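These notes are about the structure you will find just below.
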Ligand code: BG6
């Protein structure tokens with residue numbers, strides 16, 4: 001019998017001695033790393049205050065006394081609670097530590113966890129190179145034994161560099177873990193403004209009636225960043241902008257903006273996978289690649305003079321299409337770049353001039369502005385469309401020149417907070433499933449191979465400036481530009 005199945009079977013026949021509906025115990029593997037320091041300890045504190053999680057165990061390769069001291073220091077420095085510092089202090093004292101340097105130490109961890117028998121959430125905040133071995137150690141030595149107590153393991157991107165490597169990695173994971181136990185994070189799916197794209201569509205059947213290639217001239221999904229890759233080129237040079245953000249964040253946005261909606265009133269999530277299956281791969285797509293001026297110097301400095309300039313793209317704009325009768329032939333532009341003029345992310349749905357009676361040749365857009373820029377988070381809807389309803393928690397105002405703007409009333413929670421709650425609640429729709437991952441890579445792999453084989457040189461882009469050629473390419477969608 002396969003080892004995973006055997007372990008699952010053993011888990012099922014084991015005697016239940018604990019409350020399996022209890023809040024899960026959490027093991028943060030990589031508990032002293034960057035992401036843990038930047039977000040995860042704060043969020044674990046918040047979830048523990050909300051009663052969403054039980055025991056919290058930090059795991060790292062350091063010896064017990066060193067690791068315990070480091071985590072103490074991180075919590076003291078990074079976790080904040082205005083006027084409730086005593087709670088942080090109690091949290092700090094409650095956190096446990098386990099050294100996870102050798103495989104057998106997962107057995108010791110398993111014994112620690114068996115004391116409660118609660119469900120188990122592992123967050124792997126480590127390099128993907130370690131995922132297969134850690135998944136194996138969890139499966140063989142740290143699975144919950146109490147019947148019904150679930151196991152969920154959270155993974156961070158990157159999930160491979162192309163279809164073959166993503167498949168190889170996933171196969172190793174699903175040999176140890178069942179698909180419902182695997183939670184792959186795309187932190188864009190945890191952004192309230194990103195989920196609001198789907199929520200807006202669901203709330204507006206009258207607008208949805210025009211949501212097709214007959215009415216819409218093009219859709220743009222744009223993510224501009226002003227930061228460079230300085231200090232990060234070791235990663236960037238291996239991945240580049242397409243793998244870093246187009247392959248995942250931007251395509252998930254395409255899926256939320258274009259997937260068929262579940263029937264009205266249904267609580268089913270939007271089926272992103274179904275849409276992704278119809279995306280044509282990017283191999284014959286119109287494509288522009290850019291690299292900010294000075295990237296080569298950053299590579300040289302980060303590698304301490306060992307690595308010369310490369311063709312790595314730090315900016316890319318590509319035209320995709322979805323092969324369904326609803327969307328046939330309509331251009332979808334994806335554009336992202338580092339070191340551009342501003343930090344801003346948006347999805348712009350550009351209606352064809354003349355589509356709306358009385359609209360004349362004026363442009364008409366639905367603009368989902370997700371973050372950054374002058375607009376921050378806002379949804380702007382042109383006046384020719386039926387008056388929109390905004391999702392719950394958003395308020396309407398009217399903008400200059402007609403049309404409505406929706407803005408969220410409260411500041412959005414950190415996406416990692418949303419996603420960790422999502423893991424506890426079993427919200428698989430907030431995560432990237434294995435089939436979804438394969439579809440995401442299917443779109444890019446042939447194009448990435450072509451670019452590498454032919455040694456295409458990216459256009460050098462001045463730092464801090466708009467990328468004119470990309471904007472012109474999106475313009476060629478045939479719709480007049482509305483000022484953002
Ligand atoms: C990450 C990318 O996934 O997303 C980074 O690896 C990028 O390169 C980041 O900067 C952007 O995320 P956000 O939430 O700041 O828009």
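The values are calculated or read from the model by the stated rules, or taken from the named source; none is laboratory data. Quick caveat, the model's predicted, so the values are computed rather than measured. Here the Cβ positions follow ideal geometry from the backbone for every residue, glycine too, while neighbour counts run over all protein chains shown.
Table for the structure above
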quantity	calculated
Filter pass, residue 54 being part of a strand (DSSP E or B), touching a strand residue (DSSP E or B) at 6+ places or on another chain (Cβ under 8 Å) and surrounded by 15 or more Cβ atoms within 10 Å (Cβ to Cβ)	no
Verdict on residue 381 being touching a strand residue (DSSP E or B) at 6+ places or on another chain (Cβ under 7 Å), at pLDDT 95 or above and more than 16 Å from the ligand (Cβ to nearest atom)	yes
Top-ranked residue in the stretch 332-348 [being outside any strand (DSSP E or B) and crowded, with 21+ Cβ neighbours inside 10 Å; ranked as nearest to the ligand (Cβ to nearest atom)]	338
Residue within the stretch 131-141 that is buried (at least 17 other Cβ atoms within 10 Å of the Cβ), in the same structural domain as residue 59 (by TED's automatic domain parsing) and assigned to a loop (DSSP other than H, G, I, E, B) present	no
Test for residue 290: is it surrounded by 15 or more Cβ atoms within 10 Å (Cβ to Cβ), touching a residue at least 60 places away in the same chain (Cβ under 8 Å), at positive phi and within 16 Å of the ligand (Cβ to nearest atom)	no
Matching residues, the stretch 309-331, being within 16 Å of the ligand (Cβ to nearest atom) and assigned to a loop (DSSP other than H, G, I, E, B)	312, 313, 314
Test: residue in the stretch 152-161 that is at positive phi and in contact with a helix residue (DSSP H, G or I) (Cβ under 8 Å, 6 or more places away or on another chain)	yes
Flag if residue 107 is farther than 23 Å from residue 184 by Cβ and either assigned to a helix (DSSP H, G or I) or more than 27 Å from the chain's Cα centre (by Cα) (or both)	yes
Residue in the stretch 351-365 that is in contact with a helix residue (DSSP H, G or I) (Cβ under 7 Å, 6 or more places away or on another chain) and not assigned by TED's automatic domain parsing to the domain that holds residue 119 present	no
